[in-house]
Amino acid sequence: MVRLTPDSLSQKIAFTAVAFGTIALVLACVGMGTPNWYIQYGPKLSGTGYYKISSVNFFYSCNWMNDGTLINCTKRNGNLYGYPYSSGALWMNDFYQRMQNAGALCIVGIIFIAFGTLATLIMALVYFPTWVNLFPPILFFIACLFMLAGMAEGSRYLLYNGYSVNLYQTGHLLTMFALFLSALSAGRIHFSRWTEADINTTPK
């Protein structure tokens, strides 16, 4: 079998998808690892304005003093909105389970971003049978689904008002761009290989 390489435009599109995927991966990881998905504010005792009381993500929550000093951070099952966690309290148990599900879904989405980015890079450089080129956009598509499902599950209890969720949502948007570009590149590579194969097999 003759090794058919992608044309330069298809490679450029694939490399652009890889760039979007890499940026999306970084933003999603930073957004997932920082606690500012939901921020609770309280009025200052003296003067005007508000200060951050606590901040929460899917894994832990942090408490702050009125001067902006971090007091401590506790695990998801250690302190829920200032109340000691109790599996006997229905709302606390439901909160814990939903945050656990949301965190797991978002992490799986991040993993699929990494796989989709790597698969797109390989697709642009290495020859594969045409049907294998479906995998990079499929991986990005699955990443988008898991990321959206995770944010939807977490929104059942958390009001997203912090910068961490903005980073994660931007990563989700860039993942959709990467999906489009990866699919476009895969289609061009598939079409160009079939075209070249037909030319090579056409009787002179």
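Quick one: count up the residues across segment 14-50 that are farther than 30 Å from Tyr127 by Cα and of a type in the set (Phe, Trp, Tyr).
Residues meeting the conditions: 4.
Where residues in segment 73-108 are open to solvent by 50 Å² or more (accessible area, probe 1.4 Å), modelled with pLDDT under 80 and assigned to a helix (DSSP H, G or I), which of them is farthest from Tyr60 (Cα to Cα)?
Once the filter is applied, the top-ranked residue is Leu90.
Give Ile138, Ile142 a once-over and let me know the one that is under 30 Å from Phe58 (Cα atoms), in a helix (DSSP H, G or I), out of contact with any Leu (no Cβ under 7 Å at 6 or more places or on another chain) and free of Cβ contacts under 8 Å to residues at least 24 places away in the same chain.
Ile138
Looking only at segment 116-138, which residues are open to solvent by 30 Å² or more (accessible area, probe 1.4 Å) and not β-branched (Val, Ile, Thr)?
Result: Leu118, Leu121, Leu125, Tyr127, Phe128, Pro129, Trp131, Leu134, Phe135.
The values are calculated or read from the model by the stated rules, or taken from the named source; none is laboratory data. Since the model is a prediction, treat every value here as computed from it, not as a measurement. When we count neighbours, we look across all protein chains shown, and the Cβ atoms used for this are built from the backbone with ideal geometry, even at glycine. Accessible surface areas use protein heavy atoms only, side chains included; no ligands, DNA or RNA. Shrake-Rupley method; radii C 1.70, N 1.55, O 1.52, S 1.80 Å.
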